[in-house]
Amino acid sequence: MSRHFSHSIISGATTAVVVFALLGSAAQAQDDESLPAEIKPLAARSLLLDVHRTTEGRLIAVGERGHVVSSSDGDEWTQAENVPTRSTLTAISGSGNDLWAAGHDTVILHSDDGGMNWTLQYQDVVRAQPIMDLHFVDASTGYAIGAYGLLMKTNDGGESWDEFPVSPDEWHLNGIVDLGGGALVIAGEAGFSYVSEDAGENWLPIEMPYPGSMFGAVLAGDCIVAYGLRGNVQRSCDGGNGWEEVSTPTESSLAGGAYRDGETLLVGNSGQLVMIDANGQVNAQQHPSGVDFSAVVPLEGGQWLLVGEGGRYHYPSRYPDRGEG
């Protein structure tokens with residue numbers, strides 16, 4: 001995020017994921033299956049890389065070894081009953097009761113029961129192109145982006161996927177934002193990001209003020225906020241055409257972001273939290289857990305749910321005295 005092989009090769013939160021990618025998923029699956037059931041790691045406390053909140057308010061998180069966990073309140077979590085992969089999952093998206101998850105080995109999974117059972121829709125182990133982000137506009141149209149310029153689109157709910165050449169130099173594509181009306185923005189590696197005005201059929205490069213890697217982006221009201229390497233944040237309020245740098249008091253890489261009611265919360269290395277309010281004021285804090293975060297979603301009552309090393313956490317923390325893992 002670049003997000004090589006997960007949300008960020010720079011982020012310590014994904015150091016373990018890089019190891020998984022280098023070792024290969026077959027070895028990963030074998031190691032996991034060889035563990036007795038009673039000493040296997042609890043999925044909800046393993047490395048989680050993305051989290052999605054459904055329209056009904058249920059939380060679904062994905063991560064290492066194909067773990068998929070769900071919760072109705074962010075406290076009690078249940079592991080999915082049937083997940084046909086041990087590949088690390090880096091992204092999740094949904095439309096209604098339909099959910100899709102994706103990750104290493106270019107794997108894409110689908111669930112039509114709210115995340116308890118999953119089927120394999122796509123996989124290509126040989127190509128070695130992990131999917132970094134996934135976005136479904138509706139139950140039919142979706143996009144998957146990833147390493148070495150990977151961009152795929154489906155118009156049939158993931159049953160088939162078409163590829164589109166976006167990055168001729170094969171820079172990693174790390175995060176995708178839907179602006180509505182067929183307009184899309186991709187945040188990418190080494191200062192290379194892209195915009196489409198025709199639902200992904202054609203893409204134009206974006207010139208951004210910071211030439212480093214952006215690991216993701218979030219739609220924040222009428223603006224796009226892109227975040228990435230060394231705490232760099234950039235904002236566009238004209239559909240991705242013009243960008244300005246947002247000064248942050250941190251050099252910690254930022255790997256995830258979410259928006260609610262005028263506030264944008266960005267999360268990253270070593271428990272780094274960066275809040276940008278409706279007036280553009282920036283406030284940086286450290287989560288008491290000190291872990292590396294990969295993603296965040298808003299909860300009810302002003303809370304936020306964060307995922308990363310060691311599973312899921314809250315901000316503001318509910319149990320600050322014990323790191324709230």
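The values are calculated or read from the model by the stated rules, or taken from the named source; none is laboratory data. Because the structure is predicted, anything quoted here is derived from the model rather than measured. Positions of Cβ are generated from backbone atoms using ideal geometry, with glycine treated the same way; all protein chains shown enter the neighbour counts. Remember, those area values only see protein heavy atoms, side chains included, never the ligands or the DNA or RNA. Shrake-Rupley method; radii C 1.70, N 1.55, O 1.52, S 1.80 Å.
Could you tally the net charge around residue 59, taking each other residue with its Cβ under 14 Å from the Cβ of residue 59, Lys/Arg +1 and Asp/Glu -1?
On the way: positive: 53, 58, 312; negative: 50, 56, 73, 75, 76, 300.
Here the count lands on -3.
Please give the net charge around residue 297, taking every other residue with its beta carbon less than 15 angstrom from that of residue 297, where Lys and Arg add +1 and Asp and Glu add -1. All intermediate terms of the calculation are to be shown ahead of the outcome.
Values: positive: 53, 58, 260, 312; negative: 50, 56, 73, 75, 133, 261, 263, 300.
Net charge around residue 297: -4.
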(Q) For a test of the definition: using alpha carbon positions, the gyration tensor, and the 1.5 limit on a/c, classify the range 89-185 as rounded, prolate or oblate. (A) oblate
(Q) Given the range 132-173, report the % of alpha carbon pairs whose separation exceeds 13 Å. (A) 49
Q) If each Cα of the range 149-290 is one equal point scatterer, what is log10 of I(q)/I(0) from the Debye formula at q = 0.09, 0.15, 0.20 Å⁻¹? A) -0.27, -0.72, -1.17
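By the scheme Lys and Arg +1, Asp and Glu -1, what is the net charge of all other residues having a beta-carbon under 12 Å from that of residue 236?
-4
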**Q.** the range 40-78 and the range 115-152: distance between their alpha carbon centers, rounded to Å
**A.** 18
**Q.** Average accessible surface area per residue within the range 56-206, 1.4 Å rolling probe, Å²
**A.** 36
Q. How much length is gained if the chain between residue 219 and residue 281 is pulled fully straight, taking 0.36 nm per residue apart and subtracting their Cα-Cα distance, in nm to one decimal?
A. 20.6 nm
Q: Leaving ligands, DNA and RNA out of it, work out the accessible area of residue 208 with a 1.4 Å probe and give it in Å² to the nearest 10.
A: 20
